[in-house]
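Asker: Okay, handing you the structure first.
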C-alpha cells in the first residue's frame, strides 16, 4: 500500500481527548502495578509465589475469554463499552482500599479482585483498539499509535517513581486509589468522544464459533499479515526469555544494587520515548515493514550489548553497559509497536477490528504463559549471561524471518 507523503496533518481533536484519557490511565496503572507488589509482599506478608499468582490472575482472562471478547465487542457499540469497562476497572481498583479499610483484604480476596479487573481490562482493550480506526483517518493511524506509545513510555519511566512517593506518603492500599480516579477520568474522556460506528445487527445473528473462526483466519491468512503475526509471536517468546534472564543477570551475576538496576531499567523507558518520537519519520523513510524489521534488528543489538556487561560488585560500569542495552531495546519497542498496530488496523475490515486485535493479544499472552516457565529452566541450566545471548539470537531470528517474508515491502505512509 503506497501513497505520496504530504505535509503532517494535525491529529483530530477527538483523538487528543482519547489520548489524554489513556495517558492519565497509564500513570494510574503503573501506580497500581507497584502498589500491588508492595501490598502482597509488605502489607499482606506474602511471598514471590503469591506475586506469581497475582500476575497469572491479571492475564488469565486473555487466555480464557480473549477470542470471545473480540466477538462481543465487534457486535456492540465500542464507545459505550470503553466507558463502561473504564468505570468497572475503577470500581474494582477502589475495592482494594475499601476491603483494607474493612479489614477483609487477604491475598485470595486480592487475587479475585485482580481476576475480575483483568476481565474488564480485556474488554476495554478490545473496544479501544477497535474504536481507534473509526476515530482517525487510516493514514494517521501510525502517528496516533506513536503518540499513545510515547505516553505509555513516559508513564513507564515516571510512573514507578510516582508510585513510590505515594506509597511512602499514604501506604500501598490508599496509593492505589489514584488508579481508581484515573479510570473515572478516562471514562469521562471516552464519554465525550463522537459515535462514529456503523451498526452490527447482521453480525449479531451469526454464531459465536463462526465469528471467532473468521477473526483467527483473518490474522493467519496467507500473505504479509500472517508473517507479521508469526514474527510477533516469536518476539514475545524472545522477550519472555529476556524478562526472566535480565533481573537474575543484573542482581545475581552482576550483583547490582536495587538503585543500579532501577536506573538501568528506567533507560528502557527513555529509549521507548525516543523510539516513539522518531517512528513516523523512520516509517516514511523505510516503509512499514522496513521500520519494524530495523527495530527488531536494534533489539538484537541492544540485547547483545546487555550480555557484554562485565561482573563486579556494585559496578557502575556494568550498570552503564546494561543501561545502554536496555535503552536500545526500549528504542526498538517504541519505534516498532505503532507500525505493527497501525498496519494491522489499516488492513483489517471494520467489523473484524476487535476480533483480529484480541486474537493477536490472546496469542501473545499465551506465548508468555508457555515460555516464561521454560525460560526459568533455561536460565538455571545454561546460566544468566548465556541466556541473555540466546535471547539476542532469538531477536536476530525474528529479524531474519520478517526480512525473508512479504511483510518487508509493506508500506503505509503516515501524515
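The values are calculated or read from the model by the stated rules, or taken from the named source; none is laboratory data. All values derive from a computational prediction rather than experimental measurement. Virtual Cβ from ideal backbone geometry, glycine too; neighbours counted across all protein chains shown.
Asker: Which is more than 30 Å from residue 345 (Cβ to Cβ) and in the same structural domain as residue 62 (by TED's automatic domain parsing), of 86, 103, 125?
Answerer: Numbers: 86 fails: more than 30 Å from residue 345 (Cβ to Cβ); 125 fails: more than 30 Å from residue 345 (Cβ to Cβ).
Sole residue among the options that is more than 30 Å from residue 345 (Cβ to Cβ) and in the same structural domain as residue 62 (by TED's automatic domain parsing): 103.
Asker: Of the residues that make up region 340-349, is at least one buried (at least 24 other Cβ atoms within 10 Å of the Cβ) and within 23 Å of residue 238 (Cβ to Cβ)?
Answerer: Checked against the condition, which is being buried (at least 24 other Cβ atoms within 10 Å of the Cβ) and within 23 Å of residue 238 (Cβ to Cβ), region 340-349 yields at least one hit.
Asker: Could you tell me whether region 275-284 includes any residue that is within 20 Å of residue 238 (Cα to Cα) and under 20 Å from the mean Cα position of the chain (by Cα)? Give the derivation first.
Answerer: Step one: list which residues in region 275-284 are within 20 Å of residue 238 (Cα to Cα), which gives 275.
Next, only the ones that are under 20 Å from the mean Cα position of the chain (by Cα) stay: 275.
So far as region 275-284 goes, yes, one or more of its residues are within 20 Å of residue 238 (Cα to Cα) and under 20 Å from the mean Cα position of the chain (by Cα).
Asker: Looking at the structure I just gave you, is residue 228 under 20 Å from the mean Cα position of the chain (by Cα) and modelled with pLDDT of 85 or more?
Answerer: So residue 228 fits the description; yes.
Asker: Given the structure, is residue 355 in the same structural domain as residue 397 (by TED's automatic domain parsing), part of a helix (DSSP H, G or I) and at pLDDT below 85? Talk me through it step by step, then tell me what you get.
Answerer: On the way: in the same structural domain as residue 397 (by TED's automatic domain parsing): yes; part of a helix (DSSP H, G or I): yes; at pLDDT below 85: yes.
Criteria met by residue 355.
Asker: Within the bounds of region 61-73, is there any residue that is part of a helix (DSSP H, G or I) and either modelled with pLDDT under 80 or in contact with a strand residue (DSSP E or B) (Cβ under 7 Å, 6 or more places away or on another chain) (or both)?
Answerer: Filtering region 61-73 down to residues part of a helix (DSSP H, G or I) leaves 61-73.
Next, from what is left, pick out any that are either modelled with pLDDT under 80 or in contact with a strand residue (DSSP E or B) (Cβ under 7 Å, 6 or more places away or on another chain) (or both): none.
Checked region 61-73: no residue is part of a helix (DSSP H, G or I) and either modelled with pLDDT under 80 or in contact with a strand residue (DSSP E or B) (Cβ under 7 Å, 6 or more places away or on another chain) (or both).
Asker: Please verify whether residue 321 is at pLDDT 95 or above and either surrounded by 22 or more Cβ atoms within 10 Å (Cβ to Cβ) or assigned to a helix (DSSP H, G or I) (or both), treating the condition exactly as stated. Step through it out loud before you land on a result.
Answerer: Values: at pLDDT 95 or above: no; either surrounded by 22 or more Cβ atoms within 10 Å (Cβ to Cβ) or assigned to a helix (DSSP H, G or I) (or both): yes.
Criteria not met by residue 321.
Asker: Could you please find all residues in region 323-335 being in contact (Cβ under 8 Å) with a residue 40 or more places away in the chain and under 21 Å from residue 307 (Cβ atoms)? Please lay out each step first, then the result.
Answerer: If we filter region 323-335 for residues that are in contact (Cβ under 8 Å) with a residue 40 or more places away in the chain, which is where we start, we get 323-324, 326-335.
Hits for region 323-335 are 323, 324, 326, 327, 328, 329, 330, 331, 332, 333.
Asker: Which members of region 33-60 meet the condition of being at pLDDT below 85 and either in contact with a strand residue (DSSP E or B) (Cβ under 6 Å, 6 or more places away or on another chain) or not in a helix (DSSP H, G or I) (or both)?
Answerer: Residues satisfying the conditions are 45, 46, 47.
Asker: Follow-up. Output the number of the condition that residue 187 fails; it satisfies all remaining conditions of (1) at pLDDT 75 or above; (2) farther than 22 Å from residue 90 by Cα; (3) part of a helix (DSSP H, G or I).
Answerer: Single failed check for residue 187: (2).
Asker: Would you check which residues across region 381-415 are crowded, with 16+ Cβ neighbours inside 10 Å, modelled with pLDDT under 90 and assigned to a helix (DSSP H, G or I) and list them?
Answerer: Matches in region 381-415: 384 only.
Asker: If you take the residues in region 254-292 that are crowded, with 19+ Cβ neighbours inside 10 Å and not in a helix (DSSP H, G or I), which one is modelled with the lowest pLDDT?
Answerer: 256
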